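Working notes, beginning with the structure itself.
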Amino acid sequence: MKPNLAMHVGGDYHSVAGSGITSRENLEYNLRHGVRHLTAQVKKRPGGGGWDPDELARMKDDCDRAGVTFEAIRMDSDYIMHRKGPDRDREIDIIRGNLRKAAAIGVRVVTHHWTLIPIRRNARTPGRGGVTYAGFRLEKDWASLPHGPAGRVDAGDYWERIAYFVEKVIPAAREADVRIACHPYDPPGLPFGYQGADNWDSPDVFAAIKKYEALADTPYNGFQLCLGTVAEGMANPRRDVLPVVRYLGERGKIHQIHMRNIRGGLGKFDEVFPDEGEMNLLEVMRILRDTGFSGSICPDHMPHHPGDPKALQAFAMGYGYIAGLIQAVNTEAAGSR
């Protein structure tokens, strides 16, 4: 084994100090905690058009002045709401144009999150130091829940939408040299028909990831691999998440990591601090080191406290925890040579 000096701590839209992600306050907050790579969430312009090139250029200039890399953009996931027709094709055209705009400022990763129904949380659990953990418990009467905004969408329809996106967008991503990174739906493993949706990563999240990856066997079709989300779909997260990381890592299909931990698993979990959950994240980091992962590793969904409403303290802990893991696995590798 050898050290991996390319992987690094990243910050994103989940933790923002000040008035915006490239504001002076947020850039300084990140730099204080050793974070030099950012992922911004960029919204469409009013009227449903594409990203504003001037806004992107301003964000890039803000980062450049601070010595921070504007590394990735999280795009809107409106596309998945559209059935076949001209509205869907217009959305595809906007996405392809946005990829070219990202490439023009040097951003090489665009992430997304296909959500037909809102991310599901329905529990709050007390945690250490007065924080609360957000959680989920699969309802006994889940079949009676109202449909989400997309209505009833069965697995065939859902996968048709995904396949059409991959067919039309991945060639444009290759041309722009921008990697597309899909975040799994959160939580995976929901029963088919939950709020009207047969979610793409149900009932087996690993099988679904393999199916998605196989739609276009190219690095431009990859993943924003959220470890906490994948763990939520596992009966034994500590054991079962590692093969997912290795499978995608060996194929060069991980473009960003969301590193968070949970307590529990499929159908019942709480989002906890990274050092107190089911997964041994040191084991995950060793796989990332050995498979040559070169992107950002970002803390994600950290616990909240009334005295820390934006979770800036919790995310600071997350940044330091990830930096410590990177240092530990690289020191381990250097000592083995």
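Side notes on the structure shown:
- Listed pairs Lys2/Lys268; Lys60/Lys310; Lys44/Lys140; Lys168/Lys310; Lys60/Lys168 exceeding 30 Å between Cα atoms: Lys2/Lys268; Lys44/Lys140; Lys168/Lys310
- Percent of Cα pairs in the stretch 81-208 per distance bin of 10 Å, from zero to the largest separation: 11, 34, 29, 19, 6, 0.
- The region of the chain that goes longest without hitting one of the GluC sites (Glu not before Pro) in a DSSP loop, each with at most 16 other Cβ atoms within 10 Å, is 1-138.
- Kirkwood hydrodynamic radius over Cα pairs of the stretch 160-283, then Stokes diffusion coefficient at 25 °C and 0.890 mPa s, in µm²/s: 164
- The stretch 28-86: trypsin sites (Lys or Arg not before Pro) in DSSP loop, at most 12 other beta carbons within 10 Å: Lys43, Arg83, Lys84
- Debye intensity ratio in log₁₀ form over the Cα atoms of the stretch 81-137, taken at each q of 0.26 Å⁻¹: -1.07
- Think of the stretch 8-335 as having a plus end and a minus end, set by charges on the Cβ of Lys, Arg, Asp and Glu; of His147, Ala72, Gly129, Ala72 sits farthest toward the positive end of this dipole.
- Of Val110, Gly97, Ser19, farthest towards positive along the dipole that unit charges on Lys, Arg, Asp, Glu beta carbons give the stretch 8-335: Ser19
- Gap separating the Cα centres of the stretch 34-53 and the stretch 289-336, nearest whole Å: 24
- A simple spin-label model places the labels of Ile119 and Asp54 3.2 nm from each other, with each point 7 Å out along Cα-to-Cβ.
- Charge dipole of the chain (Cα centre as origin; +1 on each Lys and Arg Cβ, -1 on each Asp and Glu Cβ, all else neutral): 260 debye, rounded to the nearest 20.
- Principal axis dimensions, largest first and in whole angstrom, of the stretch 8-335 by Cα: 53, 49, 41
- The stretch 93-134 and the stretch 173-225 have Cα centres separated by 14 Å.
Laboratory data are not the source of any read-out in this text; all were calculated from the coordinates shown. Everything numeric here is computed off the predicted structure, so don't read it as measured data. Don't worry about glycine lacking a Cβ; one is built from the backbone with ideal geometry, like all the others, and counts go over all protein chains shown.
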